[in-house]
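Peer 1: Okay, here's the structure, questions in a sec.
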Amino acid sequence: MKWRTLAVGLVVGALSLTACGKEGSPTSGGTVVSQPAAANVQVTGSPTFDKIQQRGRVVIGVKNDQPGLGIVDPTTNTYSGFDVEIGRLVAAKLGQGADKIDYKVVQSAAREDAISRGDVDYYVGTYTINDNRKQRVGFAGPYFVAGQGLLVRKDETAITSKDTLKGKKVCSATGSTPLQRVQQQQLTEPNNIIAFQTYGQCVDQLMSNQVDAVTTDDSILKGYAAQSPDKLKVVGDTFSTEPYGVGLAHDDKALRDKVNDILQASFDDGTWQKIYDATLGKSGSSATPPKINRY
Ligand code: GLU
């Protein structure tokens with residue numbers, strides 16, 4: 001089964017891991033907390049920053065189907081959500097306004113490759129900081145902490161926690177920490193674990209009765225539940241800690257330090273809170289900034 005999951009991942013991955021887009025309008029309609037581009041920024045010793053300056057534009061890796069976090073309006077090609085706002089804040093502080101941003105969609109399984117190849121300057125998309133990933137990429141942050149949860153159909157009564165998943169079909173995204181956890185903790189049988197490239201695909205499978213639960217971060221699941229409150233609900237307690245980082249090139253310590261400074265300043269001056277309240281916070285859960293973990 002591992003092989004089947006892997007094979008599906010590889011085939012779909014080869015077809016559609018990335019897509020690229022510029023914002024429709026230079027004023028960038030999706031921005032909830034607008035940031036003026038900083039002038040005369042220097043990030044000494046950062047190869048990524050040098051590249052951004054030469055290009056006069058920044059490429060941010062994002063998700064495009066996670067409501068509240070990273071979502072695109074296909075008619076206007078406008079990105080919005082908490083992660084996207086964090087990405088814009090960082091861009092502005094690096095001297096690149098909203099009209100100088102290119103968004104590149106990178107799914108969970110392709111992040112380390114995209115970052116280490118330099119396809120994106122940095123990545124902001126529900127990206128859990130962990131030691132395994134730190135071998136290939138660097139992380140600034142965390143700027144948020146989520147936890148693994150469960151999304152089920154509204155009429156589901158049998159699934160109430162992670163310990164009620166045996167015999168149930170559970171869907172998650174290839175290359176994600178929640179998928180790995182379901183496998184390692186054997187929360188259901190190997191042939192009942194279904195992997196797709198995106199959580200959106202898992203949600204479609206849930207709606208059409210092909211799977212019984214979708215598992216990933218509660219922050220992501222709440223967004224899908226809020227979109228279809230008549231059909232979906234989040235159940236049970238969270239069962240992991242997922243600290244979200246800004247992914248960047250492994251050896252670019254100068255940029256990592258700079259992004260940590262930017263995040264810390266936004267925690268201290270209330271900008272982070274404004275961004276949260278205008279995006280993820282709309283779902284009703286309150287949050288405060290986490291503690292940055294420098295290395
Ligand atoms: N935060 C988890 C991860 O980085 C799940 C969400 C995602 O796949 O982006 O793997």
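The values are calculated or read from the model by the stated rules, or taken from the named source; none is laboratory data. If you're wondering where the values come from, they're calculated on a predicted model, not measured in any experiment. Cβ placement follows ideal geometry from the backbone for every residue including glycine, while neighbour counts extend to all protein chains displayed. Each accessible area value is taken on the protein alone, full model and side chains, heavy atoms only, with ligands, DNA and RNA left out. Shrake-Rupley method; radii C 1.70, N 1.55, O 1.52, S 1.80 Å.
Peer 1: Got a number for residues in segment 248-266 being in contact with a helix residue (DSSP H, G or I) (Cβ under 9 Å, 6 or more places away or on another chain) and open to solvent by less than 20 Å² (accessible area, probe 1.4 Å)?
Peer 2: Taking segment 248-266 and keeping what is in contact with a helix residue (DSSP H, G or I) (Cβ under 9 Å, 6 or more places away or on another chain), we get 248-252, 254-255, 258-259, 261-263, 265-266.
When the remaining residues are screened for being open to solvent by less than 20 Å² (accessible area, probe 1.4 Å), the result is 248, 252, 255, 259, 262-263, 266.
Total satisfying the criteria: 7.
Peer 1: Residue by residue through segment 116-132, note down the ones that are within 13 Å of the ligand (Cβ to nearest atom), over 13 Å from the mean Cα position of the chain (by Cα) and touching a residue at least 40 places away in the same chain (Cβ under 8 Å).
Peer 2: Matches in segment 116-132: ASN130 only.
Peer 1: If I filter segment 184-205 down to residues being within 16 Å of the ligand (Cβ to nearest atom) and not in a helix (DSSP H, G or I), which single residue comes out as surrounded by the fewest Cβ atoms within 10 Å (Cβ to Cβ)?
Peer 2: Filtering segment 184-205 for residues that are within 16 Å of the ligand (Cβ to nearest atom) and not in a helix (DSSP H, G or I), the one surrounded by the fewest Cβ atoms within 10 Å (Cβ to Cβ) comes out as GLN185.
Peer 1: Only one of (1) over 20 Å from the mean Cα position of the chain (by Cα); (2) in a helix (DSSP H, G or I); (3) closer than 23 Å to PRO178 by Cα fails for ASP237. Which number is that?
Peer 2: Among (1) over 20 Å from the mean Cα position of the chain (by Cα); (2) in a helix (DSSP H, G or I); (3) closer than 23 Å to PRO178 by Cα, ASP237 violates only (2).
Peer 1: Name every residue in segment 59-90 that is under 9 Å from VAL124 (Cα atoms) and either within 13 Å of the ligand (Cβ to nearest atom) or part of a loop (DSSP other than H, G, I, E, B) (or both), in order of residue number.
Peer 2: GLY61, VAL62, LYS63, GLY70, ASP83
Peer 1: When segment 151-171 is examined, which residues are found to be in contact with a Phe, Trp or Tyr (Cβ under 9 Å, 6 or more places away or on another chain) and under 30 Å from GLY247 (Cβ atoms)?
Peer 2: LEU151, LYS162, CYS171
Peer 1: Looking at segment 206-225 only, could you name the residues that are assigned to a helix (DSSP H, G or I) and either within 15 Å of the ligand (Cβ to nearest atom) or β-branched (Val, Ile, Thr) (or both)?
Peer 2: First, pick out the residues of segment 206-225 that are assigned to a helix (DSSP H, G or I): 206-207, 218-225.
Answer for segment 206-225, where residues must be assigned to a helix (DSSP H, G or I) and either within 15 Å of the ligand (Cβ to nearest atom) or β-branched (Val, Ile, Thr) (or both): ASP218, SER219, ILE220, LEU221, LYS222, GLY223, TYR224.
Peer 1: Let me ask something else about it. For segment 133-157, enumerate the residues that are more than 12 Å from the ligand (Cβ to nearest atom), in contact with a helix residue (DSSP H, G or I) (Cβ under 6 Å, 6 or more places away or on another chain) and closer than 21 Å to MET207 by Cβ.
Peer 2: Listed by number, the list holds a single entry, LEU151.
Peer 1: Follow-up question, since we're still on this one. From GLY284, GLY270, GLY245, GLY236, grab the single residue that is under 21 Å from ARG111 (Cβ atoms) and either open to solvent by 20 Å² or more (accessible area, probe 1.4 Å) or within 16 Å of the ligand (Cβ to nearest atom) (or both).
Peer 2: Values: GLY284 fails: under 21 Å from ARG111 (Cβ atoms); GLY270 fails: under 21 Å from ARG111 (Cβ atoms); GLY236 fails: under 21 Å from ARG111 (Cβ atoms).
Selected residue: GLY245, the only one of GLY284, GLY270, GLY245, GLY236 that is under 21 Å from ARG111 (Cβ atoms) and either open to solvent by 20 Å² or more (accessible area, probe 1.4 Å) or within 16 Å of the ligand (Cβ to nearest atom) (or both).
Peer 1: Every residue in segment 121-136 that is crowded, with 24+ Cβ neighbours inside 10 Å and farther than 19 Å from ALA91 by Cα, please.
Peer 2: Across segment 121-136, there are no qualifying residues.
Peer 1: Same structure again: For residues that are open to solvent by 20 Å² or more (accessible area, probe 1.4 Å) and over 22 Å from the mean Cα position of the chain (by Cα), scanning just segment 163-183, find the one that is farthest from the ligand (Cβ to nearest atom). Walk me through how you get there before you give the answer.
Peer 2: Looking only at segment 163-183, we keep the residues that are open to solvent by 20 Å² or more (accessible area, probe 1.4 Å), and these are 163-164, 166-169, 174-175, 180-181, 183.
Then drop every residue that is not over 22 Å from the mean Cα position of the chain (by Cα), which leaves 163-164, 166-169.
On the way: ASP163: 21, THR164: 21, LYS166: 22, GLY167: 24, LYS168: 20, LYS169: 19 Å.
Among them, the one singled out is GLY167.
Peer 1: Could I ask something else about it? What are the pairs with Cβ atoms under 6 angstrom where one residue, in segment 235-261, is closer than 20 Å to GLY149 by Cβ and the other, located anywhere, is away from the ligand (no atom under 16 Å from the Cβ) and open to solvent by less than 60 Å² (accessible area, probe 1.4 Å)? Sequence gap at least six, or different chains.
Peer 2: VAL235/VAL152; GLY236/SER161
Peer 1: I'd like to know if segment 91-105 contains one or more residues that are within 16 Å of the ligand (Cβ to nearest atom), surrounded by fewer than 24 Cβ atoms within 10 Å (Cβ to Cβ), under 12 Å from the mean Cα position of the chain (by Cα) and within 20 Å of ASP65 (Cβ to Cβ).
Peer 2: Yes, segment 91-105 contains a residue that is within 16 Å of the ligand (Cβ to nearest atom), surrounded by fewer than 24 Cβ atoms within 10 Å (Cβ to Cβ), under 12 Å from the mean Cα position of the chain (by Cα) and within 20 Å of ASP65 (Cβ to Cβ).
Peer 1: Checking the condition surrounded by fewer than 19 Cβ atoms within 10 Å (Cβ to Cβ), small (Gly, Ala, Ser), touching a Phe, Trp or Tyr at 6+ places or on another chain (Cβ under 8 Å) and modelled with pLDDT of 95 or more, which residue from GLY87, GLY118, GLY147 passes? Quick ask: steps written out before the conclusion?
Peer 2: Details: GLY87 fails: surrounded by fewer than 19 Cβ atoms within 10 Å (Cβ to Cβ); GLY118 fails: touching a Phe, Trp or Tyr at 6+ places or on another chain (Cβ under 8 Å).
It is GLY147.
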